[in-house]
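The values are calculated or read from the model by the stated rules, or taken from the named source; none is laboratory data. Keep in mind that what you see is a predicted model, and the values were worked out from it rather than measured. Ideal geometry is used to build each Cβ from the backbone, glycine not excepted, and the neighbour counts take in all protein chains shown. These accessible areas exclude ligands, DNA and RNA; they are computed on the full protein's heavy atoms, side chains included. Shrake-Rupley method; radii C 1.70, N 1.55, O 1.52, S 1.80 Å.
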Amino acid sequence: MNLEEAKLKLSKYGQEQILRYYDELSDDEKAALLEQIDKTDMEVLSAIEHKSELVKKGEITPLGAMELDEIEADYDTFKNTGVEAIKAGKVGAILLAGGMGTRLGSDNPKGMYNVGVNRELYIFECLINNLMDVVKETGTYIHLFVMTSEKNNDATVSFFEEKDFFGYKSEYVHFFKQEMAAATDYDGKIYLEDKGRMATSPNGNGGWYISLKKAGLTEVLENNGIEWLNVFAVDNVLQRIADPVFIGATIEKHCAVGSKVVRKAAPDEKVGVMCLEDGKPSIVEYYELTKEMMDAKNAKGDPAYNFGVILNYLFRVSDLERIVGKNLPLHIVEKKIPYIDANGNLVKPEKPNGYKFEGLVLDMIHELDSCLPFEVVREKEFAPIKNATGVDSVESARELLKKNGVAI
C-alpha cells in the first residue's frame, strides 16, 4: 500500500489522524505504518454504533455435565477410543500463549515464568511435561501449535529453542502469531501507541483458528489428518492436554465440542459456566449469573449452574472450517489503552479510555449443535496462575503442583 492508497482507506473510515506524525518518520517506519494500515480490518469499528445490541444474550438454561461417576463407569471405553484417535494422528493441541507475565512482576512471556522453588520449573515446561505423559502413554507425538502475540513471539520461540523444547520433538511444535485488532477511543478513533504505529491488541481467545489459518498452518492439519484440536490456556500448570479419556468421551457421545469443567468452589466463583443459550451450547460469564441462576437447582437438587469452564476445549476441525467463514459476534471491551497525545507524548491512563475488539471462544461453541461438559477433579487439573499471590496465584499453583507429586 502506498501513501495515497492509505489516505483513501483512512478517509473512508474517518481515521486520518493516524498519519498525524507521518512526515517525522524514517523510511522504514513509514513503510511499517503503511503495511499496518493495509492489514488492519477497519470494518469492525462500525460495531461501536451497535454496541448495546452485541451484548444481548438469548434465553439461558442449564446444560448438565458428564460427572465423575459417569466418566468412571465408562472409563475404559472412553480411554480406548481416545488412545486410538491419538495413535491414528487425529489429535492436535493448541496452546494459547500470547500473554505477558506483567501481573506476576515479569516482563517476559507468561509461559517463561519460573514456578520452581528449589529448581527451575517454567510454566511452559509444566505444560510440555503434561503433554509428554500422553506421548509416553500412546507412543505417539502430538502436533502442538503455540499461539504467540506480536509482543512475545520472538522471546517465546527463542526460549523454546534455548531449552531444547523441554525434551519435546521440535518438528511437532509450530509457532504462530495471533492476529491483532485496532484499539480506539470512545468515539471510535484509532489510537496511536507510537508516532508510527496504531494501538492494537490481540483479537480475543476466539481468534485462534483464524490466526492459525492466516499463518498457513491448517496445511499441517490437512497433511497429517488431524481431525480434533484440544485448545488450552497457558496459565493452568496442571492442565491435562490431549487427555485420551476426554477425547474418547467427546467422540463416543457424538458431540461437536468437548469442554473440561470443574465443580464450582462457590456459587459466585469468578468462572464462566457452560449453559444452553436458545437451546444451543454457550457459556454464561460469572458476572452475568443472576441470583436466581445461582440459586437454581437441577433434578438431583444440586446447583443447576455448577460447573465452571477452565479454557480446555476439544473442537472438530471440520466444524472450525465451517465456523471460520462466518461473521462471529464481536465483543467490545473497555480497557486502559496507552496512547500518543496530540503533542506526541506517551500517556498511560489510570482508568479505561477506550475500546478493544475481541472474538471469544464461547461464540465458536455457540455455533455448534452439541457440547459435552466433562467434569475433572479441580485439585488435579486446575491450578490457574493469574496473580503473584492470593487466589489463583503462583503460591496456590505451587501448593497444587506439590499435592500432585511435582517437585518444585
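Restricting attention to segment 253-299, the residues that are part of a loop (DSSP other than H, G, I, E, B), within 19 Å of the chain's Cα centre (by Cα) and more than 20 Å from Glu59 (Cβ to Cβ) total 3.
Among the helices (runs of 4 or more DSSP H) confined wholly to segment 321-408, which include 1 or more residues that are over 30 Å from Glu222 (Cα atoms)? Reasoning before the result, please.
Values: elements: 361-366, 378-381, 394-403.
Those helices (runs of 4 or more DSSP H) span 378-381, 394-403.
Of all positions in segment 92-108, at least one carries a residue that is among the β-branched types (Val, Ile, Thr), assigned by the TED database to the domain that holds Leu212 and in contact with a helix residue (DSSP H, G or I) (Cβ under 7 Å, 6 or more places away or on another chain). The set of residues in segment 127-158 that are within 23 Å of Val394 (Cα to Cα) and open to solvent by less than 10 Å² (accessible area, probe 1.4 Å) comprises Leu127, Ile128, Leu131, Val146, Met147, Thr148, Ser149, Asn152, Thr156.
Going by the conditions given, is Gly354 small (Gly, Ala, Ser) and more than 28 Å from Ser259 (Cα to Cα)? Working first, answer last.
Values: small (Gly, Ala, Ser): yes; more than 28 Å from Ser259 (Cα to Cα): yes.
Yes.
Condition first: open to solvent by 60 Å² or more (accessible area, probe 1.4 Å) and within 18 Å of Ala97 (Cβ to Cβ). Can you find one or more residues in segment 214-228 that meet it? Within segment 214-228 (the criterion being open to solvent by 60 Å² or more (accessible area, probe 1.4 Å) and within 18 Å of Ala97 (Cβ to Cβ)), the answer is yes, since at least one residue qualifies.
Of the helices (runs of 4 or more DSSP H) entirely within segment 130-242, those holding at least 2 residues that are among the acidic types (Asp, Glu) occupy 153-162, 218-224. Filter segment 318-336 for residues that are open to solvent by less than 80 Å² (accessible area, probe 1.4 Å) and among the acidic types (Asp, Glu) and give the result. Listed by number, the residues that qualify are Asp319, Glu321.
Table: residues versus (1) open to solvent by 10 Å² or more (accessible area, probe 1.4 Å); (2) on the phi > 0 side of the Ramachandran plot; (3) touching a residue at least 40 places away in the same chain (Cβ under 8 Å).
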residue: Lys291; (1), (2), (3): yes, no, no
residue: Ala299; (1), (2), (3): yes, no, no
residue: Leu311; (1), (2), (3): yes, yes, yes
residue: Pro338; (1), (2), (3): yes, no, yes
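Looking at Lys30, Lys12, just one residue is among the basic types (Lys, Arg), surrounded by 11 or more Cβ atoms within 10 Å (Cβ to Cβ) and within 27 Å of Gly344 (Cβ to Cβ), and that residue is Lys30.
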